[in-house]
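What follows draws every value from the coordinates through simple rules; no lab data is involved. Just so we're clear, the structure is a prediction, and the values are computed from it rather than from any experiment. Backbone-built Cβ (ideal geometry, glycine too); neighbour counts: all protein chains shown.
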C-alpha cells in the first residue's frame, strides 16, 4: 500500500502471522518472510497484528528506522491506529475502556506471571444489526460494527477490552463465545476474526511529515450484508 526509501506498508490478510512465534509453532508462512523474499531485502516489523487481524502492517527497510519506529510505537505517542470490528450485542454509541491488562508472554514458554499495564481503548458504534441466528435462549443475534481506537498498545488489547465490557469481537476463539462464533460462521459462510486495522497515522521517521495509510475492508466483509442491515456499514 505504501513504499519509500525507509518504510513499506502492506495490507495483511486475516490468518497470516507477522513473524515466527512459539505460540503457533506449526505455522510456516509469515508476513515478514514473504515480504523479505518479495523485495530481496531485509525488513523489520514496526508493530504487530494478531494472526486473525487483517489490515495495515508497517515495516522498516533499515535498522535505524526500525529503532525510531519501535520507540514511537512502544510509548504510543504520535501514533494513531484505527480499527473496525464486529462485536456481540449493541454497545452504547461511544465510550472508553480504561482497564489495565496483565502482560502476556511472547511465546508458549512464558509462564511466569507478569505485571499489569495501563491500557485504554476508545470505541464508537457505527451500525447495529439483528441477525436471524439463534443462540442460547435468544432467537436472534445482535451485533454491531464498531470503530476502535487504542490509546495504548498492549498485546491483544482490543480483543481483551471488548470482552471486558461484554461485547467480544465475533470470531475471537480466545476471548469470545465459541458456540456463537460457530453459529455465525456457518450463517455467514466465513470463519475468521472480524477485526481489521483500517488506518495508521504517524509522523514519518525521516522527514517528520505526517503519513496516513489506509486499508479498505476486504471483500469478505460483504458477508455481513446478508443481515439485512445498512449496507453503508461496509463503507465507513
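Taking label points 7 Å from Cα along the Cα-to-Cβ direction, residue 219 and residue 77 give a separation of 4.4 nm. Principal-axis analysis of the Cα atoms of the chain puts helix 63-75 at an angle of about 40° to the longest axis. Listed options for semi-axes √(5λ) of the Cα gyration tensor in Å are (i) 27, 24, 16; (ii) 26, 20, 17; (iii) 30, 20, 18. The value calculated from this structure is the one marked (iii). Taking 0.36 nm per residue of sequence separation and removing the Cα-Cα distance, the residue 98/residue 166 pair yields an extension gain of 23.1 nm.
Quick one: length gained pulling residue 207 to residue 122 fully straight, 0.36 nm per residue minus the C-alpha distance?
Net length gain for the segment: 27.7 nm.
Using just its DSSP H runs of length 4 or more, each adding -39500 (n - 2.57), the chain gives a mean residue ellipticity at 222 nm of -5000 deg cm²/dmol after division by all residues. When the chain is treated as a GNM, springs tying every alpha-carbon pair under 10 Å, which of 68, 137, 31 comes out with the largest mean-square fluctuation? Per the Cα network of the chain with a 10 Å cutoff, 137 tops the list. Panel order for 151, 209, by other beta carbons found within 10 Å of each beta carbon, from fewest to most: 209, 151. Full extension of the chain between residue 156 and residue 41 yields a length gain of 38.5 nm, computed as 0.36 nm times the residue separation minus the alpha carbon distance. The angle between the Cα long axis of helix 178-188 and the main principal axis of the chain comes to about 90°, on a 0 to 90 degree scale. The packing ranking of peptides 201-208, 52-59, 116-123, 174-181, highest mean first, is 52-59, 116-123, 174-181, 201-208, where packing means the average number of other beta carbon atoms within 10 angstrom of each residue.
On the beta carbon distance between residue 4 and residue 134, with R0 = 45 Å, the FRET formula returns roughly 0.35.
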